[in-house]
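So the structure is just underneath, and the comments pick up after that.
The values are calculated or read from the model by the stated rules, or taken from the named source; none is laboratory data. Keep in mind that what you see is a predicted model, and the values were worked out from it rather than measured. Positions of Cβ are backbone-derived with ideal geometry, glycine not excepted, and every protein chain shown enters the neighbour counts. Just so you know, the surface numbers come from the protein's heavy atoms only, side chains and all, with ligands and any DNA or RNA stripped out. Shrake-Rupley method; radii C 1.70, N 1.55, O 1.52, S 1.80 Å.
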Amino acid sequence: MFRTCDITGLKVDLKGQSLIRINAVLAVITLLIAVVGAILLIFTRWEEVHLLSQVWYYRILTLHGINALIFWIVFFEIAGLYFGSTVVLNARMVLPKVGWLAFALMVAGFLLVDWNIMTGQADVLMTSYVPLRASPNFYLGIILFAVGALVATSLFFVNIYYAKKEGKVGKTLPLFTYGLFVAAVIAVITLTTGAIVYIPTYLWALGLLGSVDPSWYRLVWWGLGHSSQQINVAAMISIWYLVSRLAVGGTSINEKVSRGAFVLYILFICIASAHHLLVDPAVNPAWKIWNTGYAMYLAVLASMIHAFAVPSTIESAQRRNGFTNGLFDWLKNSPWGNPAFSSVIIAIVGFGFLGGITGVIFGMEQTNIIVHNTIGITGHFKGTVVLGTSLTFMGITYYLIPLIFRRKIVAFKLAQWQPWMFGIGISLISIGMMSLGFLGVPRRHYDTTFAGGPFTNEFNPLTGLLWIVTVLGGVLAFLGALSWILIVVFSVFFGPKVKGPEDMQLAIVAEAPAVHLKGKYEAPGTLIFALVFMATFVIFFYLNWKWLSVIWEIK
Amino acid sequence: MSLHAPAEGWYSKKVASDEKWWVALAATVCLITFFWMVIWHVYGKQNPGHQTYKIKEAEFMQLSEAFNKKHQIGEENGIPVVAPPSNGDVFLTAQMWRWSSIPVLVKNEWYTFHLSSADVCHGFSVQPINMNFMVLPGYDYVLRFKPNAAGDYKMFCNEFCGIGHQTMIGKIIVVETQEEIQNLKLTQPKNP
């Protein structure tokens, strides 16, 4: 059963729509758990307050990590995969019942995991490195969730296959769905790796298997733990292209280049999981360099290509829409009042400057020595996963509320502020934590004064100030995330119904006219930004290696 | 277009000159970054080795206890202070939630550390120089260090190792010369 959307003209399969809705709802619930955890954690790590007890600190840390990094993001991605394989293609949800089965497995997994954590049967943190042991049901919960997600991902391929067979897709997929296809391929690799590592661990926890090798566990676990973040990258960038199209009518200035970059992700991005093992025994430098370097940084090259391709998509469209003056007139006249657009711009800048630069430098074989397991690492992934992926997902939701849930966005003024609150808040956390990391402050640590230990420790007094920056960022980001959750919940359940195009608060702009632009360059403003980015990278590169060069010699 | 299939001829469309230059620059930086790690192995001075032995936890603890017995020169807060010879081995066990000894090292001398764990994964984090390595049970991780400044260094565990993780801190003492070791003010162990 289809309805025809009176705003976009797309045909929406109602069975697919319910699945998109229910997965999105679970995404919001799990995000709420993660966000409440986050604010408790930040006021515990700030030792002026030291809110939670040590046991509850590690317990909530486990809860926060799994709900933020796995549940929220994967539930949202499944909603996105169904959206990209049905609505965008005017295609049907081929096996809705299997979709509900997948959903049931994921919910069962989510409940089992969170229950085990909250009842104190899994104080092992998200990574659950063996031989730390949790109750078997914790591992079972993760397996159920991963299997459910794997089933849901296969439905994406089934939908695409039938869409193609039934003539809904021409020679190739739209770029948005193409990017999601890449995300889905990476998801299959990732989730299968998850099953490979958690099944023996589950058997070990049940007492059926003697032991699980800790080095093997770390190697395979990161095939899940890191590669799952690469699903996010592909999904997030797909959304960047989608929002460029919706908000300013932009299309990639060269589809071949954008698609080629996505292919590089499939080929090379998963091996980068190795950068979690750079200071581990049992793996040699050649293995470390090849893998942490994404095979000569070909996956980083892909990200840098998108870093130009997405803003240039916006710039080129804006110029063709008539904003041709100077280098940055197009940016000034962008739809800043559209919260999806501002979310994406903040996400691009944050992902690149905070997450991307540190990701490459922290992940080099030798410089990893001066950051591994410091809170700088946490600061890095606040830049990538939170500022990049989570904010992008929040942004696209402002389109999904009217188009999929058919409701108007309540408190629209707040919605326009929300990306800035969240974006600036997370940026402050990220910068604060990375600076603390350089001063040696460990991550996942209850008390850096080491009270009760044989010695005490005093950090550089600057850490006091940096913690204040981090906490301020935390409060701002908490308010930003909470605003988003409240806006979504109130809009979806109590918002006025969308009756037609006149109720759209976010514009869907027609494709920019195909006028030929004057001048040698298609996107000169973007090129300037890209060069500023490169200069920043070089400066950080120099500082890190300089720092490394003055510590003890190591052979 | 991101919502519809691309327009006819998308595959043969010429790449704009600014995009072409950017991709070329990015690819160059990627290659430099990659080979930088290789070059650092030749010219740089911080390149962790990869010598590793599989070993039973109990066996490693015996080695580390024998090492303590042989080189102990005192005690601090119940932890043996040990002075290994330069160029010698240092066996250090991480255990919930303590380090097995306080090594005394001489500046500008090489030492071969053997890091392993008696129970779960730990982290070996030397502060304030901020040097971090992993310590895994069942693996003897062999790393050679040459300290370049005298002073007291703290040794954190920075991998979560259970609820007492936040109390796991140790110490490494680095002195200017071999003679200074005799002048260290140390408590003598009660049962030598």
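Relative to the current alpha-carbon distance between A:LEU208 and A:LEU531, full extension at 0.36 nm per residue lengthens the span by 110.6 nm.
Panel note: contact residues of segment B:157-189 (accessible area lowered by at least 20 Å² against the chain on its own; 1.4 Å probe) correspond to B:ASN158, B:GLU159, B:PHE160, B:ILE163, B:HIS165, B:GLN166, B:THR167, B:ILE169. Remark: spin-label model distance B:GLU179-B:LEU31 equals 5.6 nm, labels positioned 7 Å along the Cα→Cβ axis.
Per-residue Karplus couplings for segment B:181-189, computed as 6.51 cos²θ - 1.76 cosθ + 1.60 with θ equal to phi - 60°, are listed in order as 4, 5, 7, 5, 7, 10, 6, 8, x Hz, Gly and Pro entered as x. Rounded to the nearest whole Hz, the Karplus-based 3J(HN,Hα) values (6.51 cos²θ - 1.76 cosθ + 1.60, θ = phi - 60°) of segment A:111-122 follow the sequence 5, 4, 5, 5, 4, 5, 5, 5, 8, x, 9, 8, with x at glycine and proline. Residues of segment B:28-75 that lose at least 40 Å² of accessible area (1.4 Å probe, protein heavy atoms only) when the other protein chains are present, relative to their chain alone, are B:VAL29, B:CYS30, B:THR33, B:PHE34, B:TRP36, B:MET37, B:TRP40, B:HIS41, B:LYS45, B:GLN46, B:PRO48, B:HIS50. Quantify how strongly other chains surround peptide A:366-372 by giving the mean number of their Cβ atoms within 10 Å of each of its Cβ atoms. Counting other chains' Cβ atoms within 10 Å and averaging over A:366-372 gives 6. Based on protein heavy atoms only, segment B:62-192 ends up with 36 Å² per residue of surface accessible to a 1.4 Å probe. Here the dipole of segment A:1-170 is about 720 debye; that uses its Cα centre as origin and unit charges on the Cβ of Lys and Arg (positive) and Asp and Glu (negative). Remark: segment A:108-173 carries a charge dipole of roughly 480 debye about the Cα centre, counting +1 on each Lys and Arg Cβ and -1 on each Asp and Glu Cβ.
Taking K and R as +1 and D and E as -1, what net charge do the other residues with C-beta under 9 Å from the C-beta of A:THR449 add up to?
Numbers: positive: none; negative: A:GLU47, A:ASP447, A:GLU458.
Value of the local net charge: -3.
Return the equivalent ellipsoid semi-axes of the protein assembly as shown as a descending list in whole Å, where each equals the square root of 5 times an eigenvalue of the C-alpha gyration tensor. Don't skip to the end; give the middle numbers.
Details: eigenvalues 458, 156, 105 Å².
Each semi-axis is √(5λ); the values are 48, 28, 23 Å.
Suppose a student asked you for the relative contact order of segment A:335-514, using Cα pairs under 8 Å spaced at least 6 residues apart; what percent would you report? Computed over segment A:335-514, the figure is 30 percent. Label-to-label distance, A:VAL550 versus B:ALA150, with points set 7 angstrom from Cα along the beta-carbon direction: 2.0 nm.
For the residue pairs A:LYS382/B:LYS146; B:LYS146/B:LYS171; A:LYS546/B:LYS45; A:LYS171/B:LYS14, the alpha carbons lie more than 23 Å apart in A:LYS382/B:LYS146.
Surface composition of chain A: carbon and sulfur atoms hold 71% of the protein heavy-atom accessible area at a 1.4 Å probe.
Expressed in nm to one decimal, what extension gain is obtained for the pair A:LYS499 and A:THR192 from 0.36 nm per residue of sequence separation less their Cα-Cα distance? Before the final figure, lay out each step's value.
Details: separation 307, 0.36 × 307 = 110.52 nm, distance 4.33 nm.
Result for the pair: 106.2 nm of gain on full extension.
In this calculation the C-beta distance from A:ALA451 to A:TRP417 is compared with R0 = 41 Å, giving a FRET efficiency of 0.50.
So with the 1.4 Å probe, I'd like the accessible area per residue for segment A:1-170, rounded to whole Å². Provide the component values of the computation, followed by the final result.
Values: 6040 Å² over 170 residues.
With the other protein chains kept in place, segment A:1-170 gives 36 Å² per residue.
Relative to the longest principal axis of the Cα atoms of chain A, the long axis of helix A:136-165 lies at roughly 20 degrees. Each Lys and Arg contributes +1 and each Asp and Glu -1, all at the Cβ; summed about the Cα centre of chain A, the dipole is approximately 1460 debye. Placing unit charges on the Cβ atoms of the charged side chains and taking the dipole of chain A about its Cα centre, the candidate lying farthest along the positive direction among A:PHE110, A:ALA340, A:LEU191 is A:ALA340.
Based on the Cβ-Cβ distance of A:THR119 and A:HIS50, what FRET efficiency does E = 1/(1 + (r/R0)^6) give at R0 = 35 Å, to the nearest 0.05? List each step's numbers first, then the result.
Working: r = 24 Å, r/R0 = 0.68.
Efficiency computed from Cβ-Cβ geometry: 0.90.
Amide H to amide H distances under 5 Å link B:ILE73 with B:VAL81, B:VAL82, B:ALA83, where only residues 5 or more positions off or on other chains count and H is placed in the peptide plane. Averaging sequence separations of C-alpha pairs under 8 Å and six or more residues apart, then dividing by the length of segment A:115-190, give the relative contact order as a whole percent. Reported as a whole number, the value is 23 percent. For segment A:303-344, a reduction of at least 20 Å² in accessible area between the chain on its own and the assembled protein chains (probe 1.4 Å) is found at A:MET304, A:ILE305, A:PHE308.
The distance between label points at A:LYS256 and B:ILE55 comes to 5.8 nm (points 7 Å beyond Cα on the Cα→Cβ vector).
So what's the net charge close to A:ARG320: Lys and Arg +1, Asp and Glu -1, counting the other residues with Cβ under 12 Å from its Cβ? Don't skip to the answer; put the middle values down first.
Working: positive: A:ARG319, A:LYS518; negative: A:GLU315, A:GLU511, A:GLU522.
With Lys, Arg at +1 and Asp, Glu at -1, the neighbours total -1.
Taking amide H as placed 1.01 Å from N in the peptide plane, B:PHE124 has its amide H under 5 Å from the amide H of B:PHE133, B:MET134, B:VAL135, B:ASN158, each at least 5 places away in sequence or on another chain. Share of Cα-Cα pairs in segment A:421-540 beyond 26 Å, in percent? Of the Cα pairs, 57 percent sit more than 26 Å apart.
Of all lysines in the structure, the ones whose alpha carbon falls short of 29 Å from that of A:LYS497, not counting any fewer than 8 places away in one chain, are A:LYS11, A:LYS15, A:LYS97, A:LYS408, A:LYS413.
Between the residues B:CYS30, B:SER12, B:HIS50, the greatest Cα displacement towards the positive end of the dipole of chain B, with unit charges on the Cβ of Lys, Arg, Asp and Glu, is found for B:SER12.
Between the Cα long axis of helix B:57-71 and the first principal axis of chain B there is an angle of about 50°, rounded to the nearest 10.
How much of the accessible area of chain B, in percent, comes from carbon and sulfur atoms when a 1.4 Å probe is used?
Values: 4820 of 8500 Å².
Carbon and sulfur atoms account for 57 percent of the accessible area of chain B.
Within segment B:1-91, the trypsin sites (Lys or Arg not before Pro) that combine a DSSP coil assignment with at most 13 other C-beta atoms in a 10 angstrom radius are B:LYS14, B:LYS56. In the full protein context, segment A:175-322 carries 24 Å² of accessible surface per residue, based on a 1.4 Å probe and ignoring ligands, DNA and RNA.
Considered as an equivalent ellipsoid built on the Cα gyration tensor, segment B:52-183 has semi-axes of 22, 16, 14 Å, the largest given first. When chain B is treated as a Gaussian network with alpha carbon springs shorter than 10 Å, the biggest mean-square fluctuation among B:LEU92, B:LEU115, B:LEU63 belongs to B:LEU63.
Using alpha-carbon pairs under 8 Å, 6+ residues apart, how would you state the relative contact order of chain B in percent?
Values: 342 pairs, mean separation 38.4, N = 192.
The value is 20 percent.
To the nearest 10 degrees, how steeply does helix B:17-43 sit against the main Cα axis of chain B, on a 0 to 90 scale? In chain B, helix B:17-43 runs at an angle near 20 degrees to the longest axis. In segment A:489-555, taking the dipole from charged Cβ atoms about the Cα centre, the farthest positive-side position among A:GLN505, A:VAL515, A:THR526 is held by A:THR526. Per-residue SASA remark: A:ARG319, around 20 Å² accessible (1.4 Å probe; ligands, DNA and RNA not included). Heavy atoms of chains A and B lose about 8600 Å² of accessible surface on contact, summed over both sides with a 1.4 Å probe.
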